[in-house]
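As structure tokens, the structure follows; a few thoughts come after it.
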Amino acid sequence: MDSSKVKKKNRVPIRALIQVASVAAGVQFGWALQLSLLTPYVQELGIPHAWASLIWLCGPISGMIVQPIIGHYSDSCTSRYGRRRPFILAGALLVVVAVLIIGYSADLGFLFGDTTDSRPMAIVVFVLGFWVLDLANNTLQGPCRALLADFTGKDQTRNRRANAFFSLFMAVGNILGFATGAYGGWYKVFPFTKTAACDNACANLKSAFFLGVIILLATTFLSVTAASEIPYDPIKKHSVVKSVTPLLSDKSETSSSVAGSTNDEEDEEEEDEPESEALFWELLGALRDLPRPMWYILFVTALTWIAWFPFLLFDTDWMGREIYGGDPSLGDPHSRWYYDGVHMGALGLLLNSVVLGLSSLCIEFVCRKLGSSYVWGIANVIMAACFVGTALVSGAASRARDFAPNDPPPASVVYAALAIFSVLGAPLAVTYSVPYSLTATYTEKVGGGQGLSAGVLNLAVVCPQVIVSLGSGPWDELFNGGNLPAFLLGAAAALFGGIAAVLLLPRPPPDFRTRNRLRRTRSSPIP
């Protein structure tokens with residue numbers, strides 16, 4: 001039988017890739033609930049506003065540590081159920097536990113002696129649950145990305161398509177999550193959530209998270225039952241490649257193969273190395289011996305997320321302060337104007353998610369026509385233009401307030417701000433898919449481990465988040481407050497990232513299917 005037909009027969013079908021990617025909807029649904037409901041709940045518990053931003057740092061910090069470690073262990077997991085699925089299931093169950101801890105934090109605090117006026121124990125339980133939730137989400141997401149890469153192999157087209165599906169389901173989760181967070185009557189659907197320690201707002205949060213648990217468990221089931229994984233074979237893997245880093249350069253891969261075939265006794269001694277020490281050296285080696293093309297991918301990813309995080313953190317605050325001219329620290333009407341802007345910003349996020357989903361359907365086609373690096377570069381230039389546009393729209397809103405200080409912003413200004421939210425959905429779709437597709441393709445090309453490579457890529461996401469979270473406040477204060485200084489800094493980072501994407505990113509070779517087809521055509525006899 002023709003080898004190409006065997007390969008095609010054994011390929012994971014598109015339907016299975018869609019099932020695997022569907023777990024992104026469950027994960028992102030929870031993230032959207034966090035963004036829409038947890039910040040008000042934090043203030044309801046009595047956590048000072050200055051500390052609230054520090055709580056959100058647990059996400060990038062846990063991602064910095066957890067994803068590379070989970071990626072390493074999932075690459076070498078010998079479970080008969082597969083390499084990735086045990087970690088996906090463990091992450092999903094851990095999310096359920098964390099959500100229950102957060103939802104019942106007020107009730108548990110009440111059992112430990114809290115009152116309606118003072119809730120120190122509820123705060124402790126909430127922070128614990130919040131950290132566990134972010135740890136669980138990072139445990140879940142890395143193996144999901146790696147599983148998609150495993151199922152697509154060296155086929156770049158299918159890999160881009162799989163990551164586009166993942167981005168699409170992230171958009172679906174965002175839409176459902178923001179819509180759920182906007183509805184305030186979920187406690188009526190789940191009346192048992194309202195207790196003596198948990199008022200309507202608390203019960204609504206608890207009920208919304210129950211919905212999140214149901215969606216996550218359903219999508220996780222779809223993901224882990226999509227297709228059978230090929231169990232990890234350490235003997236086969238050892239005979240092919242032996243190295244401390246999963247992201248090999250061609251030179252190190254070749255030398256490693258030679259060493260593995262000529263020095264068996266030394267290899268046996270290395271196998272006896274303690275697991276914890278081996279993990280440390282593999283993680284260190286992954287960064288120390290990282291090939292130059294992978295460094296370029298990390299560099300562009302870091303610039304992209306330095307651009308994104310100021311907007312993602314302060315987008316609704318920008319609508320409330322700069323567009324509507326409100327201030328939550330002042331009384332009405334300033335406070336009312338601020339929250340009117342925040343609600344309009346929530347609508348902008350919903351529109352952003354819709355465009356994100358629609359754009360995800362087009363990414364694979366556009367990347368095939370233009371190339372992934374050019375698509376990434378164009379997306380970053382669009383980001384830069386939109387962030388500059390926030391300054392222009394803010395200036396128009398300020399001039400309108402000078403003429404009519406007690407009136408809401410003109411409809412044209414609000415529509416322009418919502419247009420910025422919407423347009424940014426397209427580059428966000430690229431950010432959610434193209435870096436992961438390039439990383440998976442390059443890692444497969446050099447014979448690396450997809451789990452650890454996804455974890456290493458995540459470092460380029462979380463490190464900028466820590467920098468922005470800690471530095472955006474002082475940076476804004478340096479220019480007399482407001483959100484625009486951080487947005488304009490993000491515009492500069494996006495522009496440099498776009499230029500770097502075009503000039504530095506590796507150009508993947510043609511799809512292996514196409515190259516094999518050309519090779520067979522050239523080798524066939526002329527009739």
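The values are calculated or read from the model by the stated rules, or taken from the named source; none is laboratory data. Please read these numbers as outputs of a predicted model, since none were measured by experiment. Backbone-built Cβ (ideal geometry, glycine too); neighbour counts: all protein chains shown. Each accessible area value is taken on the protein alone, full model and side chains, heavy atoms only, with ligands, DNA and RNA left out. Shrake-Rupley method; radii C 1.70, N 1.55, O 1.52, S 1.80 Å.
Under 1.5 on a/c is rounded, so check that first for the stretch 114-195, then, if it is not, pick prolate when a/b is larger than b/c and oblate when it is not; a ≥ b ≥ c are the square roots of the alpha carbon gyration tensor eigenvalues. It is oblate, given that a/c is not under 1.5 and a/b is not larger than b/c. Full extension of the chain between Arg80 and Val354 gives 94.7 nm of extra length, using 0.36 nm per residue less the Cα-Cα distance. Given a 1.4 Å probe and the protein chains as shown, Tyr442 ends up with an accessible area of around 30 Å².
How large is the Kirkwood hydrodynamic radius of the stretch 282-405, in angstrom, based on all distinct alpha carbon pairs? Please list the in-between numbers first.
On the way: mean 1/r = 0.0573 Å⁻¹.
One decimal place: 17.4 Å for the Kirkwood radius.
If you wrap the stretch 342-467's Cα atoms in a convex hull and average its projection over all directions, what's the area in nm²?
Numbers: hull surface 39.1 nm².
Approximately 9.8 nm², given one-decimal rounding.
In the stretch 356-429, inverting the average of 1/r over every pair of distinct C-alpha atoms gives 13.9 Å as the Kirkwood radius. Electrostatic bookkeeping for Ser79 treats Lys and Arg as +1 and Asp and Glu as -1; over the other residues with beta carbon under 11 Å from its beta carbon, the sum is +3.
In the complete set of protein chains, residue-level accessible area for Phe421 is approximately 0 Å², probe 1.4 angstrom.
Could you please put Arg399, Arg158, Arg119 in sequence from largest to smallest accessible area, using a 1.4 Å probe? Working shown, then result.
Details: Arg399 140, Arg158 20, Arg119 40 Å².
Descending accessible area places them as Arg399, Arg119, Arg158.
In the assembled protein chains, Glu229 presents an accessible area of approximately 20 Å² (probe radius 1.4 Å).
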